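Everything below concerns the one structure shown next.
Just so it is clear, none of the values below were taken in a lab; they were calculated from the coordinates. Source: prediction; values computed, not measured. All Cβ positions, even for glycine, are placed from backbone atoms using ideal geometry, and neighbour counts span all protein chains on display.
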Amino acid sequence: MFIDINMPVLDGWGFLKRFDSFEEHEKEIFRIIVMASSHDPKDIKKAYKDKNVSGYMAKPLSVHFKG
């Protein structure tokens with residue numbers, strides 16, 4: 001699951017807080033990747049401190065398709 005830390009109604013940090021209250025059997029089917037325009041080491045460190053976060057990707061993302 002990709003989440004953005006800067007979402008309008010519920011930001012990524014708030015989502016992670018709510019996600020942590022899910023049952024373990026519900027959480028284990030997801031891998032959470034934080035996507036953010038932030039390259040700030042504080043944001044990256046904060047994301048990786050969360051036990052439910054598997055990765056961090058900085059935007060803009062690049063997608064390459066086979067021609």
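Are any residues in segment 1-43 farther than 16 Å from Leu61 by Cα and among the aliphatic types (A, V, I, L, M), and if so, which ones? Within segment 1-43, Met7, Val9, Leu10, Leu16, Ile29, Ile32 meet the criteria.
Could you list, in sequence order, the residues of segment 24-43 that are in contact (Cβ under 8 Å) with a residue 24 or more places away in the chain, assigned to a helix (DSSP H, G or I) and more than 11 Å from the chain's Cα centre (by Cα)?
Listed by number, the list holds a single entry, Lys27.
Of Ala58, Ala36, Ala47, all but one fail to be under 15 Å from Lys17 (Cα atoms) and surrounded by 14 or more Cβ atoms within 10 Å (Cβ to Cβ); the exception is Ala47.
Filtered by the rule that a residue be closer than 14 Å to Asn6 by Cβ and among the aliphatic types (A, V, I, L, M), segment 24-43 gives Val34, Met35, Ala36.
The rows are residues; the columns are (1) without any contact (Cβ under 8 Å) to a residue 24 or more places away in the chain; (2) of a type in the set (Val, Ile, Thr); (3) touching a strand residue (DSSP E or B) at 6+ places or on another chain (Cβ under 9 Å).
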residue	(1), (2), (3)
Asp11	yes, no, yes
Phe22	yes, no, no
Lys45	yes, no, no
Asp50	no, no, yes
